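Below is one structure; the comments refer to it alone.
The values are calculated or read from the model by the stated rules, or taken from the named source; none is laboratory data. Quick caveat, the model's predicted, so the values are computed rather than measured. So basically every Cβ, Gly included, is an ideal-geometry build from the backbone, and we count neighbours across all protein chains shown. Note: accessible area is taken over every heavy atom of the protein model, side chains too, but ligands, DNA and RNA are not part of it. Shrake-Rupley method; radii C 1.70, N 1.55, O 1.52, S 1.80 Å.
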Amino acid sequence: MRYVFIVNPKAGKGKFIEKTVAQIRSFFAESSSQYIIYYTKRAGHANELARKEASVGDEVTVFSCGGDGTNQEVINGLVGFKNVIFGVIPCGTGNDYIKSYGTRQDFLDLSAQLSGNVIDIDLIKFEDKYALNQCSCGMDAMVADNVRIFKKISKGALAYNLSVVYTFFKKFNQRLRITIDGQQLPEIPCLFAVCANGQYYGGGYRSAPTAVTYDNKLEFSVIQTRSKIRMLSILPAYIKGRHIDKNYCRYGNCSEIKIDCDKEIPVNYDGEIAYRKSVKFEIAKSAVRFLVPSTIKIGLKQYASTVKKV
C-alpha cells in the first residue's frame, strides 16, 4: 500500500499543519511503506493532486489534510477510482464531516488510521460534482455564500454564526418548489431545504442527526417558515439536532431531491456555492472507500422511530 498526504497549509490558519506533518514523517521513519506529502498551492490543486495519484492505478490511500473544503476537493478527484482509499486528517477549524464518526483526536491518531477499517461511503451528486457531506438551498445556502465575507476575520463556527446574523438582516424572498423521490411537497412556506449525507455542517450545526454516511440513503430536512423572527426560536433546536420532530420540519430518508425556483438562487454543496434556478441532489451509493480509525466502532443504526414520512 502506498500513502499520499495532500496538505492544505492554510487550513485552520496553519495551527495543526506543522504538528501533523511532523507526525507523518516520524511515523514513516520507522516504516518501509512508501509515502509522499504534497502541499496545495491554489484552489483546485488538491483535486488535481488526488486525481493524479489515483490515476497511477496501484493500491493507494490518499489522505486529505485540511478542512472540509480540502476534503471536498480531494473526494472529487478520487470518484471513479476503485484502487483508492480516502482518508481524512482534520487540520481545519470546522471538520464537520468526521463528526458523524467520532472525534478529531480519533482522526489525528495516525496509528489508529493506518490500522483502521475501510468502508464504502455514499456521496451526494450535484450535476458533475460530488459532495461528501451536505447540500442545501434557501436562506441556509445564502448563509454559506456569505460566510466568505467573514472568513477573512475568522474561521469555522464563528464565521458561520456571523454570517447567520448578517443574512438575517438581508432581504429573503425565495419561493422553493421541492420534490422528494418524485413526490412534490405541498405549497408551504420554506426557509431552507437540506440534503444530507453526514450529520453536521456550518461548524457544528446538526441538521441531520440520524444520517449515516454508508447506509445508501440520504436525509432531507425542510424547515417550513419564512418568518425571520421564528427562525430565531428554531435555531437553538436546529444547532443541536432536536428539530426533526417539530411541526415546522419535514424530515426523512430519500434518494433524490429536486428544487426549483423562479430565479437563480445560491446552491450550497459542501460550502461551495453555485447559482441555479433548478437543482437536483441525488445519492451516489458506495461511491468511495473510506478509512475509519480503529478507535471508532462502525455499525449501522436504526432510526425508524424518529424518521417522519413526506
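Using a 1.4 Å probe and ignoring any ligands, DNA or RNA, find the accessible area of T167 and quote it in Å² to the nearest 10.
In the full protein context, T167 sits at about 0 Å².
Enter the angle in degrees (range 0 to 90, nearest 10) between the Cα long axis of helix 228-240 and the first principal axis of the Cα atoms of the chain, meaning the one along which they spread out most.
That works out to roughly 40 degrees.
I'd like the Kirkwood hydrodynamic radius of the range 165-280, using the inverse of the mean 1/r over distinct C-alpha pairs, in Å. Don't skip to the end; give the middle numbers.
Values: mean 1/r = 0.0678 Å⁻¹.
Its Kirkwood hydrodynamic radius stands at 14.8 Å.
Quick one: ranking E272, E187, E282 by accessible area, 1.4 Å probe, largest first, what do you get?
Numbers: E272 80, E187 125, E282 55 Å².
If we order E272, E187, E282 from most to least accessible, we get E187, E272, E282.
With angles folded into 0 to 90 degrees, how steeply does helix 68-78 sit against the dominant principal axis of the chain? Use alpha carbons for both and round to 10.
Its long axis makes an angle of about 70 degrees.
Please list K285, K125, K263, K152 in order of solvent-accessible area, largest first, computed with a 1.4 Å probe with all protein chains present.
Working: K285 120, K125 60, K263 100, K152 175 Å².
Result of the area sort, largest leading: K152, K285, K263, K125.
Using the heavy atoms of the protein chains and a 1.4 angstrom probe, tell me the accessible area per residue for the chain in square angstrom. Walk me through the intermediate numbers first.
Numbers: 13860 Å² over 310 residues.
Value returned for the chain: 45 Å² of accessible area per residue.
Per DSSP H run of n ≥ 4, the term is -39500 (n - 2.57); total these for the chain, divide by its residue number, and report the mean residue ellipticity at 222 nm rounded to 500 deg cm²/dmol.
Working: 8 runs with 82 residues, N = 310.
Taken over the chain, the calculation gives -8000 deg cm²/dmol.
Show me the trypsin sites (Lys or Arg not before Pro) within the range 46-115 that DSSP assigns to loop and that have at most 11 other Cβ atoms within 10 Å of their Cβ. Walk me through the numbers before you get to the answer.
Values: sites: R51, K52, K82, K99, R104; in loops: K82.
Here the trypsin sites (Lys or Arg not before Pro) that fit, given the DSSP loop and packing criteria, are K82.
If you fit an axis through the alpha-carbon atoms of helix 139-150 and take the longest principal axis of the Cα set of the chain, what angle between them do you get, 0 to 90°, nearest 10?
Between the helix axis and the principal axis of the chain, the angle is about 50 degrees.
So, with a 1.4 angstrom probe, what is the percent of accessible area on the chain that is carbon and sulfur? Could the numbers behind the result be given before it?
Details: 6950 of 13860 Å².
Exposed carbon and sulfur together represent 50 percent of the surface.
Gaussian network model of the chain, Cα springs within a sub-10 Å range: biggest mean-square fluctuation belongs to which of D96, D68, D58?
With Cα springs under 10 Å in the chain, the top fluctuation among D96, D68, D58 is at D58.
Run through the range 1-103 and list the GluC sites (Glu not before Pro) located in a DSSP loop whose Cβ has at most 16 other Cβ atoms within 10 Å. Intermediate results must be reported in sequence, preceding the final value.
Working: sites: E18, E30, E48, E53, E59, E73; in loops: E30, E59.
In loop regions of the range 1-103 (DSSP not H, G, I, E or B), the sparsely surrounded GluC sites (Glu not before Pro) are E30, E59.
Below 8 Å between Cα atoms, with a sequence gap of 6+, how large is the relative contact order for the range 84-148 in percent? Walk me through the numbers on the way to the answer.
Values: 29 pairs, mean separation 12.8, N = 65.
That works out to 20 percent.
Using Cα springs under 10 Å in a Gaussian network model of the chain, which residue among A208, A141, A43 shows the largest mean-square fluctuation?
Comparing A208, A141, A43 in the GNM, the peak value goes to A43.
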